[in-house]
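I have placed the structure first, in the form of structure tokens, so that the comments after it can refer back to it.
The values are calculated or read from the model by the stated rules, or taken from the named source; none is laboratory data. Keep in mind that what you see is a predicted model, and the values were worked out from it rather than measured. Note that we place each Cβ from the backbone using ideal geometry, even for glycine, and neighbour counts take in every protein chain shown.
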């Protein structure tokens, strides 16, 4: 950049200034080259490293394997033939082992589920002494046995056993014909007691949208609450008229004896917390109509849907947890609107006098007008019959949790679970569908998280997220393996771990990408920083290159 | 011909009313939702943006009136107008210049207030990535059967919405947030309403299914405010939300008004700007979607038919024991 102002001195001055000029120019050239070298060799890598986002390693290959999930569910079935069902010849030829397999294939990319199980094999006979979790024992009794009433073909007990009236077969039939005839019946029993194709499809509805939905299956899928690590159950007593009625309910004792056994049995599925409250001066949002034919107040089925909203505003909830809440309300009508009955859609009386809303809870109306006469002085002390109330609430709770088998096939009689609250096979049903649901949900979560992290390069992936993802993937793989082996309890445990880990990874607060920068914003940030620095360097480099070219051209001209 | 049609209409109206409840029962299965949520956000602060707070509060009021409880509403107000020092009528927020309707009322539950209303918190609420210490009232605890209404208002531009006068959310971020909600199945159907300048640009980039969007103005147009009130000194409401509130005041929980009626709210003659809507991502036909599917909370209800008999002892054991006795004689 040194101007040669001393040019007119060159004629009589020694080559000093010219050499000096050259030396200066040389120094200038070296300086520019050195700065450029520092910028390129040190600056750019330093800038790259410091603006990089930390992304811990994730097992992307294993996650992409989860995308096409193949679930194999196997149930241990024991079939016991009682005396008198088989002829001695058929008994002699009894083989010791058969295997029955049914495969359900799930593929997320295909919108419809591949439905038909094409393979059919034979039956497996294991002599188990005690029926483990997930297994089924079927006792086949003679056709003419008087143990079951006439029209009942199957009786399902409280544990994992079922009595099946044997279908008619002739003594001349070979064993194979006998077994194949029995196959269909046993399959029906097992699908009632363990899982049917419909149940598995419903459990997978999270992942695979059901193509054809019947009204019943849609209602079923909407009614049962989704799988969650914990639930809160709240019992509320609504007393709109404390001046007339002074209500007493032994909720603690009732919960201990009626609800707690059920919740204890369901402990492997989720954590439950139960609380109760009494609300005064709460009104239903709907005015009941007086029906002269029964001289009582009635609530029609259509107005029931408007009852819940005004009440829900008054119900509290536990602020500390984000678990879903199931509310069970007991409403005692005020003295001016007693007795209050609920009518169904065909205007008939409802024996339970209760209704429920899917995924929310249930309301029961309890009439107390018959418990006291007109001479009683207000407020009247009333003790609520908790057995009756808990019977209704227990039934509603079973529906909410998805335990109830709503449509047993014809000819089937299901034993009522009674005070245990839950039959063993009902628990198994729930475990099967929950395991499958958990696995489906966890795999969807992990795959979508991996997709998201892949797409958005700016999100920071911390170590704890990577660890959660890895543990979710391993738990999923173990759960699938256990399902294949038929160990239902372990499968559920692994699936629960998988879903907890995957949810924790997906909903980690650090995964918020506020680093979304469109390209023009990136330019707007970097140009004011780098342009003033780069312009002199680039210009001087160009000058060096052009001077070098000129010198080479001069040299060539001189040499020529 | 016209008279004939008129008489026919007169005759059919009372007949139609009695069919309300039957058709309503059928609607429950078609909508597929069991609960409703609402996320109502006002993004601007300062006294002269009174109208944005009034907008949000009027939608809040309608939604509460039609049945959604506070526990299912996330209300975010970036500034406090009711208790603002410049409010000549403290503890009120009016929507009409004759001070007819106080939309603040006495039952308002604001979940995010003042400086808590940021882009980050809004996205955290939508995606669910909140710190574990966040209380229940500040979370959107929706599931795969929830219908969610999202209402945004404030100052916006082509592709962005301004929060708190200092930051902005872009339409791409919003579309990505909705996609993350869809991936986690945090909604069944979602209705997105935005009342800002160039509001239609905010829903241009949506790509997740089951989304329906409405905006108060197209790209390149401004949304205008409605009326100033001389006593309060500021504009009270925006035109679009004013007419939206007027429309919603006619709706009651058993109403059969559907989305096509909502699309007709505030035509250009009233609003000056052209409201827009987007339904291509929505599965159902808008004519079959009820207003109360999103603004109200009509519950699906079933009668409890079976009960469990807890009083009488269950005595079936003798059947099985008798049978086992038979077997041991083998």
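Inside the stretch A:343-359, can you point out the residues that are more than 7 Å from chain B (Cβ to nearest Cβ), modelled with pLDDT under 90 and surrounded by 17 or more Cβ atoms within 10 Å (Cβ to Cβ)? Listed by number, the list holds a single entry, A:343.
For every residue, the table says whether it meets (1) assigned to a helix (DSSP H, G or I); (2) within 13 Å of another protein chain (Cβ to nearest Cβ).
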{"site": "A:376", "(1), (2)": "no, no"}
{"site": "A:387", "(1), (2)": "yes, yes"}
{"site": "A:399", "(1), (2)": "yes, yes"}
{"site": "A:436", "(1), (2)": "yes, no"}
{"site": "A:442", "(1), (2)": "yes, yes"}
{"site": "A:474", "(1), (2)": "yes, no"}
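Filtered by the rule that a residue be in contact (Cβ under 8 Å) with a residue 60 or more places away in the chain and facing another protein chain (nearest Cβ under 9 Å), the stretch B:103-138 gives B:136, B:137.
Quick check on my filter: what residues within the stretch B:290-306 are within 14 Å of another protein chain (Cβ to nearest Cβ), crowded, with 20+ Cβ neighbours inside 10 Å and in a loop (DSSP other than H, G, I, E, B)? The answer is B:295, B:296, B:297, B:298, B:299, B:300, B:301, B:304. Before we move on, is residue A:409 more than 19 Å from the chain's Cα centre (by Cα), at the interface with chain B (Cβ under 10 Å from one of its Cβ atoms) and within 15 Å of residue A:193 (Cβ to Cβ)? The answer is no for residue A:409. Condition first: part of a loop (DSSP other than H, G, I, E, B) and in contact with a strand residue (DSSP E or B) (Cβ under 9 Å, 6 or more places away or on another chain). Now tell me which residues in the stretch B:106-128 satisfy that. The answer is B:108, B:109, B:110, B:111, B:117, B:118. Of all residues in the stretch A:476-515, those satisfying the criterion of being within 14 Å of chain B (Cβ to nearest Cβ), assigned to a helix (DSSP H, G or I) and within 19 Å of the chain's Cα centre (by Cα) are A:499, A:500, A:502, A:503, A:504, A:505, A:506.
Here is a check on your reading of the model: is residue A:186 touching a strand residue (DSSP E or B) at 6+ places or on another chain (Cβ under 7 Å), at pLDDT 70 or above, surrounded by 15 or more Cβ atoms within 10 Å (Cβ to Cβ) and part of a helix (DSSP H, G or I)? For residue A:186, the condition - touching a strand residue (DSSP E or B) at 6+ places or on another chain (Cβ under 7 Å), at pLDDT 70 or above, surrounded by 15 or more Cβ atoms within 10 Å (Cβ to Cβ) and part of a helix (DSSP H, G or I) - is met. Picking from residues in the stretch A:271-292 that are part of a loop (DSSP other than H, G, I, E, B) and modelled with pLDDT under 90, the one that is farthest from residue A:436 (Cα to Cα) is A:292. Checked against (1) without any contact (Cβ under 8 Å) to a residue 40 or more places away in the chain; (2) closer than 19 Å to residue B:307 by Cβ; (3) in contact with a helix residue (DSSP H, G or I) (Cβ under 7 Å, 6 or more places away or on another chain), residue A:351 passes all but condition (3). Residues to consider are A:485, A:491, A:498, A:481; find the one that is in contact (Cβ under 8 Å) with a residue 40 or more places away in the chain and surrounded by fewer than 17 Cβ atoms within 10 Å (Cβ to Cβ). Residue meeting the stated conditions: A:485.
Assess whether residue A:136 counts as being surrounded by 20 or more Cβ atoms within 10 Å (Cβ to Cβ) and modelled with pLDDT of 75 or more. When the stated conditions are applied, residue A:136 passes them.
Kindly indicate whether any position in the stretch A:322-331 is touching a residue at least 24 places away in the same chain (Cβ under 8 Å), within 11 Å of chain B (Cβ to nearest Cβ) and out of contact with any strand residue (DSSP E or B) (no Cβ under 7 Å at 6 or more places or on another chain). No, there is no match, as no residue in the stretch A:322-331 is touching a residue at least 24 places away in the same chain (Cβ under 8 Å), within 11 Å of chain B (Cβ to nearest Cβ) and out of contact with any strand residue (DSSP E or B) (no Cβ under 7 Å at 6 or more places or on another chain). Annotation note: of A:213, A:154, the sole residue that is surrounded by 20 or more Cβ atoms within 10 Å (Cβ to Cβ) and either more than 31 Å from the chain's Cα centre (by Cα) or at pLDDT below 75 (or both) is A:154.
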